[in-house]
Every structure is written in C-alpha cells, then in structure tokens.
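**Q** What follows is a single structure, and I will ask about it in a moment.
The values are calculated or read from the model by the stated rules, or taken from the named source; none is laboratory data. What you see is a predicted model, and the numbers here were worked out from it, not measured in a lab. Cβ: placed from backbone, ideal geometry, glycine included. Neighbour counts: every protein chain shown. The accessibility values were calculated without ligands, DNA or RNA, using every heavy atom of the protein model including side chains. Shrake-Rupley method; radii C 1.70, N 1.55, O 1.52, S 1.80 Å.
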Amino acid sequence: MRPFPFAPLLMPGLMGLVVACSQSSEPSPEQPIIIIEDPVPDASDPTTQPDTDIDATPDASSGSVDGEACESDASCRSGFCAPAPDWPGGYCTTVDCNTREDCQSDGENNACLLPGRGSNFCVRLCTSNDACREGYVCQALSQSEGYCAPNPAPPFEGTGDDFPFEVTCTPAPGGRADLAFDVSDDLHSYTVVPFVSSGRRLFPSSVTSDLDGTSFNLRQENGFQATGSQLFGFINPTIFPAVPDDIGKIREGAHTYRLSTDDSEVCHYLLERPTRGTEIDLNIYLVGLSYLGLNANTAANHDDLQEILAAVEAIYNQANVSLGQVRYFSVPEEAEAAYSIVRSEADVARLAMLTEAPGNDADSMLSANLILVQSFDFTDSAGTLGISMGIPGAPALHGSGISGVALTGEYIGRGGSRFNGNGFTANIIAHELGHFLGLFHTTESTARHFDPLDDTPRCTEGFPESCPDLGNLMFPLADPDNFIITADQAHTIGVNPLVK
C-alpha cells in the first residue's frame, strides 16, 4: 500500500477526500501524472502558478527552452515561466502541449506530461539527479527515465552542532548502505532515524539483529514502517517494536539497517527508551488567532484553549499518557500574514520550518510542535482540518519542513446546543498528534486500506455510518465522539520517543 501524504483529517460528509493528498496552487512532486508517450505515477503541475509577466509577448526564436531557468514569462520561448520559489530559479514550460513535438526543446530531451489535474505541460527528461540543475531531482517516470522536478526535500540541516544525539554517516557505494548501530539490553523500545542530508532519496529494506538474524522486513510485513521515506523521500523514522506483535523480536547488541539511496551516504541517529513513556511536551505555535484574543502571551490563561488541551489530555489518558510542559510561540508577522490561512501542503512545510527547538538538551528537543492556524482553504480538498508531517514524525527535529503538525483553529470558542467547537478542535489536535506519534487511520474511506494493528476494527462496507471503527480517535472523519484509543494504539503511542 502506498501511504497517502500528510494524513489529512476531514470534515464529516466529505467522502472521497480522505485518501488523497489535496492538490493546490503549489506544485507537489507527489501529484499523479501521465507522460503522453508513456504512463507514469508521479509529478507536479506548474500551470496553477500565477503568471509573473502577463504582458510579455514571447519571441518564438529566442528565450530559454523548456526545463531551463527563467525570471519571467518573457524569459521563455514558450511564454510561460513556472515561478520560484516552488520551482527553484523558475522553470520554462510549454502549457497545453499534446505531444513531445509541442515542447520547446532545441535538441534537449523534453516531453509532454499530463497531470492528474490541470493542463498538460512540458518537462526536461533525465536519467539521474546529476542531469538536473540545482534545486531539482530526477523524479522517476520509469525504471530507466525520469524528469527534472523540484526537490521535495531541500538540503537537510536539522541535526546541526547543537543536536544532542550522536549522528553517524555511512558511505553508500553503489547506492547501498548498511547502517550499523548497537541496542542496549533491557530496553523497552528504540527508534532509528536514517536520513539523507542532501534531500535526495532513501529506500529502506530491513533491520536485522547481528546476534541471531532476527529481522524486520520494511518492504513486506513491516512495510508500513517505510512510510516516512514514501512521503518525504529523504528520511524514515523507524520505531521498534512498532506493533505489539513485534515485542518478542527486540534484541540487544549489534544491528544492521539496510537500505538503498541515490546519494553517496546516509546518516542516522538512535534514540533508546528504557521504559514506556507516560508524558508528552507540546510546543504550540499560534498563527492568525489574535481575533480570538489568542497569542503566545495569552495562551496559558486562555479559557477556550485550556479547555481544549484538557480534552486532549483526557483522550490520551486512555493510553496512560498525560501532557507535560506546554510552551507557546508566535511566528514572524510576515509569516502570520502569509500563512494564517493554509492553502497547501507547502504552506504547512513553510510554517514547520519556522519552529525552533525550545532548548539544546535532549529532553527539550523531544517535544512535539503543534501549529494552530486561522483556517485551512485547500482548493481541491475542501474540508481538510489538519495535516501531520509524518506517520510517525521525525523525533527531536525542529525547524525543518516536517517538524510538526498543523491544525485549524477556526472552531475555537464556537458552539451551541448542537455543536461543541472546543471539543471538535480537541479531536482534531488529538487525531493529528496521533499520526505524528505513529498511528494510521483505522480505515480509509475506500475500505481497502487499514492500519497495521490487530485490535482496531476494519470497515469494509457502509462507510462511514456503519463502520465498526466509528468512534475511534483515528477514524478519518473529525467528530468529538471519535475518541477511543485501543490497547494496541496505546502501545504505538507509548513506544514513540516523544512520549517520555
């Protein structure tokens, strides 16, 4: 099963939107695409970007060909420049193409692509990342060919000099790497976080004990543990034992994490948990909620927010987890103006990049970032209420595009006899935090994809009213009555290193 990026939580009544990452005005390398000459799985659509020079009249005999950098439409022979920053340095392309011959190429290897939504457009084909200019990677179209697409993961700087955990980097000759790490004895759980600092891709294969060969296959039965690499490419937080069935497979001593990559090395860090966690610290960023009298200075005494957090804690008490230290933050004024209303997954990533570690010690680093915004307004996924940047999220990382979850604050303080806005908001927070701690939706609306846990019911028909998992916290539609956490879900929460 290919996981669905960012695990959006939706309003009830919006069937068919649960399983898909929403398309927006920002290009996304995960967007389905078809090459006219050869069907393919993924791409991005620059044609939803605004014109940067609508008065320009292109000269067919001059200007850059498709795939080249540009500053405005006038820079491109086609008359269309997909703009930065979403297309680094700009990207010339021919819009509404039908065949390869329609592309402005001059001998370059360009082709016409058909996105899942929007207009056809031309791109530069490639066989490796080295064939693409800075800011781009060769997004696979087939086993032998790809196209130069915006790098979905810019160079990763999340583990700098102040990072409190040891980072080890391993060469990857021939695109393969065996990461070596030692597990202490008498451990409750541990987490390995492999990543590629350049932002290129890694592909997890297995984690094996050198002691007796006990192995976790990350491509088959434990394939759900490769979700991070499938969503973001460059990182894959991997927790053991992720499910209760794997408790008996934990071994002490030397281990090997085997994976492949399109980079020259892979780095990793290890987090060990001697006992089950019982407390989670939160860093709450408040964006555009001043109209509610809610900001970093007022949050600790804001009646509605404190009622919401109490409800979140009550939900997590089912897993024997309580809220620890809760800190409140604001973002710069220009960011608040730009992202109070979140319109794309790219907006969420930009907000996550504004998060900061609350301290340089390990305890401070191990805290979860929640970003409460004024509202979500996704053009093609109306009803999205929250997005988690990972299942699970990368622990101890702050200031990266995957550092937390974003949620709507539009229902705070609203309510009446038939609607409890604070309870609704608490459900959204608890649900998205659940994703960041490693919980999947119990059932997707297709009734074909389910979480990997044994004790969560599966809905195979009658979605949503007749689903046996309706009422579970991780049911994909928001409702204050969806609050149940099962024993297996409590295990997943408790082994996450963010729960201390």
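**Q** Could you tell me what a quarter of the Cα convex hull surface of segment 230-336 works out to, in nm² with one decimal place? Mind dumping the intermediate values first?
**A** Details: hull surface 44.4 nm².
Averaged projected area of segment 230-336's Cα convex hull equals 11.1 nm².
**Q** Separate question: Mind ranking 289-296, 255-262, 395-402 by how tightly packed they are, going by the mean number of other C-beta atoms within 10 angstrom, highest first? List each step's numbers first, then the result.
**A** Details: 289-296: 15.8, 255-262: 20.0, 395-402: 22.2.
Ranking, from highest mean packing down: 395-402, 255-262, 289-296.
**Q** Averaged per residue, what accessible surface does segment 418-500 expose to a 1.4 Å probe, in Å²? List each step's numbers first, then the result.
**A** Values: 2730 Å² over 83 residues.
Roughly 33 Å² per residue, with all protein chains present.
**Q** Then there's this: Once both labels are modelled 7 Å past Cα along the beta-carbon direction, what's the residue 220-residue 62 spacing in nm?
**A** 6.2 nm
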